[in-house]
Amino acid sequence: MTTTTAPMEMIVPSFGSDAESGRKLAVICSKGALDMAYPGLILGNAALGEGVELDLFFTFWGFDMITKSRMYDLKFSPVGNTATHMPAALSPLPGVTAMATHSLKKSLADLNIPEVPDFLDLLKDSGARLWACRLSADMNHLKEEDLYDGVDGIISASDFIEMTDGSQLLFI
Amino acid sequence: MPTTIIEGHELSVDDEGFLTEYDQWDPQIAEALAQAIDVPLTDEHWKVINFLREDFKAHGATPTLRRVSTEGGVDTKTLFALFPKKPAKKMSYIAGLPKPAGCV
């Protein structure tokens with residue numbers, strides 16, 4: 001049997017499935033404001049979806065994102081945030097932060113973006129590792145039982161630097 | 001626009017090999033696409049693929065992983081197990097759809 005025309009090569013996308021890509025991302029979450037909690041979560045989620053390993057390190061104000069008593073109640077304040085285009089004199093008024101927080105939460109919910117605790121669940125389900133900063137835990141007198149259940153451990157800054165050898169690093 | 005031969009059909013694809021014509025896809029082609037990227041299809045895979053096809057038809061966009069878990073009823077962990085490493089791209093490739101455009 002011979003064929004007269006050469007078979008056309010099938011175009012197959014490269015998903016890097018044969019070899020481990022080895023790409024790793026480490027995100028340091030240092031802010032506890034609602035609007036600053038999301039960038040790390042969204043980029044981390046995107047990385048996981050691309051087969052990139054992810055370590056998140058929660059430190060200073062970012063510790064609120066994984067503290068059980070606070071993670072459900074992060075706030076967005078327009079004070080000092082010129083990007084809200086709100087007159088500067090209005091932003092510190094009573095009720096403005098609550099209003100802005102409510103409005104941001106609604107915009108995110110409308111786009112099917114989960115709230116912070118649910119987002120952490122999503123990242124865990126996708127294979128993320130979550131690390132709590134030792135110094136932040138000590139400063140706030142918090143122990144593992146005070147933290148989100150998916151936290152993999154309370155570690156020092158040196159531990160984090162050591163374990164993210166070769167990772168790309170993002171500070172938020 | 002390039003074309004490629006799959007299961008004896010000449011199909012329109014983009015530069016990466018994703019099908020570009022919704023109606024050129026059928027389940028046999030899905031099997032061939034899945035085989036090409038080493039994802040043997042099970043009933044669970046088909047549940048995801050069928051949801052993707054229906055949701056795309058209804059809304060004009062490939063659902064994101066988040067949408068497949070909240071609306072399609074297949075949780076995130078399972079999606080990563082079914083379509084290892086790059087679930088969003090692999091599931092849409094097999095379903096003959098573009099990659100999801102949404103961020104989450």
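The values are calculated or read from the model by the stated rules, or taken from the named source; none is laboratory data. The model shown is predicted, which means the values in this text are computed figures rather than measured ones. Every residue, glycine as well, gets a Cβ built from its backbone with ideal geometry; the counts of neighbours run over all protein chains shown. These area figures cover heavy atoms from the full protein model, side chains too; ligands, DNA and RNA do not enter into them. Shrake-Rupley method; radii C 1.70, N 1.55, O 1.52, S 1.80 Å.
Data overview
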item	result
Residues satisfying the stated conditions in region B:8-30, i.e. facing chain A (nearest Cβ under 10 Å) and either part of a helix (DSSP H, G or I) or open to solvent by 60 Å² or more (accessible area, probe 1.4 Å) (or both)	B:E10, B:D15, B:E16
Qualifying positions in region A:145-172 - free of Cβ contacts under 8 Å to residues at least 12 places away in the same chain and either touching a strand residue (DSSP E or B) at 6+ places or on another chain (Cβ under 7 Å) or outside any helix (DSSP H, G or I) (or both)	A:D149, A:D165
Which listed residue, of B:L41, B:L52, B:L33, is outside any helix (DSSP H, G or I) and within 14 Å of the chain's Cα centre (by Cα)	B:L41
From A:D18, A:D35, A:D64, residue being at pLDDT below 95, part of a helix (DSSP H, G or I) and either within 8 Å of chain B (Cβ to nearest Cβ) or out of contact with any His (no Cβ under 9 Å at 6 or more places or on another chain) (or both)	A:D35
Residue tally, condition within 24 Å of B:L65 (Cα to Cα) and at pLDDT below 95, over region A:128-160	0
Residue count for region A:69-120, restricted to those that are under 28 Å from B:L79 (Cβ atoms), part of a helix (DSSP H, G or I) and open to solvent by 70 Å² or more (accessible area, probe 1.4 Å)	3
All positions within region B:57-104 that are out of contact with any Leu (no Cβ under 7 Å at 6 or more places or on another chain), within 7 Å of another protein chain (Cβ to nearest Cβ) and under 24 Å from B:S12 (Cα atoms)	B:K86, B:K89, B:K90
Criterion: assigned to a helix (DSSP H, G or I), free of Cβ contacts under 8 Å to residues at least 60 places away in the same chain and crowded, with 19+ Cβ neighbours inside 10 Å - qualifying residue of B:A88, B:A81	B:A88
Verdict on B:P100 being within 30 Å of A:E9 (Cβ to Cβ) and open to solvent by 40 Å² or more (accessible area, probe 1.4 Å)	no
